[in-house]
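A.B. asks: Just passing along the structure, written as structure tokens.
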Amino acid sequence: MIKLFVLLWVLSIPTSVSTGSHSLWYLVTFIKGNSPFPEYSGTLMLDDMTVGYYNSDTKTHISRGNTTNEDGLFNQEDDITIRDRLYVYLVDAFSPVNHTDGLVVYQLLGLCELSDNDIPGHLIIMSALNGSTIDEIRYFNGKFTYKGPLKYTEHDSDPLLQAYLWYHEVFTYPICLKTLKSYLKKRRTQIKRRVKPRVRLIQKANSDSGGFRVSCLATGFYPRHINLTLLRDGQPVSDHEITGGDLLPNGDGTYQMRKSLEISAADKHTYTCSATHLSLDNKLDVTLESGETFKQVISSVLVVLSLGLVLLTVVAIIIWRRRHSASYTCDYSSASSTEDSVDKT
């Protein structure tokens, strides 16, 4: 439950990570209270791949999904430092309510970006209490954007705030970039892989409305950045008509996205699902012609009728053969009886 809670909080965070850059994420969970989970755990991610995990029970950093030796890329002492700072910084400074009767979950997210040209990008640090963001720092081009916690002010003259920002500028940012570069070198094959999307345009009857639902589905693609558009007669369908559009992970490390539209039974428009992705040389279009559902229904009916005729033919042949065999046996028996009578005479 807590892992899902952490995942939802992370997915709700807007970042500026683009297709031309890479990012290193460190996701920390600190739990205050009785629970079956470690008090402190941290997940290290390169872009969207988990490359390491640490928890306070094992006190070891475990690499995930690596095929090369990555010892020394991540300093375990950083986990101890983060855990100690998290306890003081969050538990003591940001507990406005007495949570002694329940479970309290503190989270910390830190990430840095690096472009394909080795140009440093944003540094983002966010903390949350039970899913609500309480502290956010963004650093880019030597400037901080800051939303202060409960006991700090946003004035530049605040010495405590200045010391906090200085620490992240001088220590956190350079260390994060250095670690990111090391992982990019080690995991280059993984992060450079390209998997083409499988695109389908599905139309199903909607029993509630009496119409149909047209769904544009792209699945099995990597990396996760994709532009999926549902077109009506060659023009993009308005966003307010579309449902879905969320990026969802598959179990094999790829992604999927679905966009759907409700249409009437009398709709005669032509719908197209269009996808652009890094793995594709050109955009991929799948078209659903108007009246295609009717054709599909007629085709299905014809198939059923054909199978029925074949079955009836087979049954008729079997019955005919049985009757013919019985008639032959009866005739043969009568002939044999007649011959026996003649012989006796």
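A.B. asks: How do Lys259, Lys143 rank by accessible surface area computed with a 1.4 Å probe, from largest to smallest?
C.D. replies: Lys143, Lys259
A.B. asks: Can you tell me which of 308-315, 125-132 comes out highest on packing, and rank the rest after it, using the mean Cβ neighbours within 10 Å?
C.D. replies: In descending order of packing, they fall as 125-132, 308-315.
A.B. asks: So what J values fall out for region 27-40 if you push phi through Karplus, 6.51 cos²θ - 1.76 cosθ + 1.60 with θ = phi - 60°, rounded to Hz, Gly and Pro as x?
C.D. replies: Those phi angles translate into 10, 10, 10, 10, 10, 10, x, 7, 7, x, 9, x, 4, 9 Hz.
A.B. asks: What distance in nm lies between label points placed 7 Å from Cα along the C-beta direction at Ile242 and Val195?
C.D. replies: 2.3 nm
A.B. asks: Evaluate the distance, in nm, between pseudo-label points positioned 7 Å from the Cα of Asn282 and of Ser182 along their respective Cα→Cβ axes.
C.D. replies: So the label points at Asn282 and Ser182 sit 4.6 nm apart.
The values are calculated or read from the model by the stated rules, or taken from the named source; none is laboratory data. Computed from a prediction, not measured in an experiment: that's the story for all the values here. When we count neighbours, we look across all protein chains shown, and the Cβ atoms used for this are built from the backbone with ideal geometry, even at glycine. Calculation scope for accessible area: heavy atoms of the full protein, side chains included, ligands and nucleic acids excluded. Shrake-Rupley method; radii C 1.70, N 1.55, O 1.52, S 1.80 Å.
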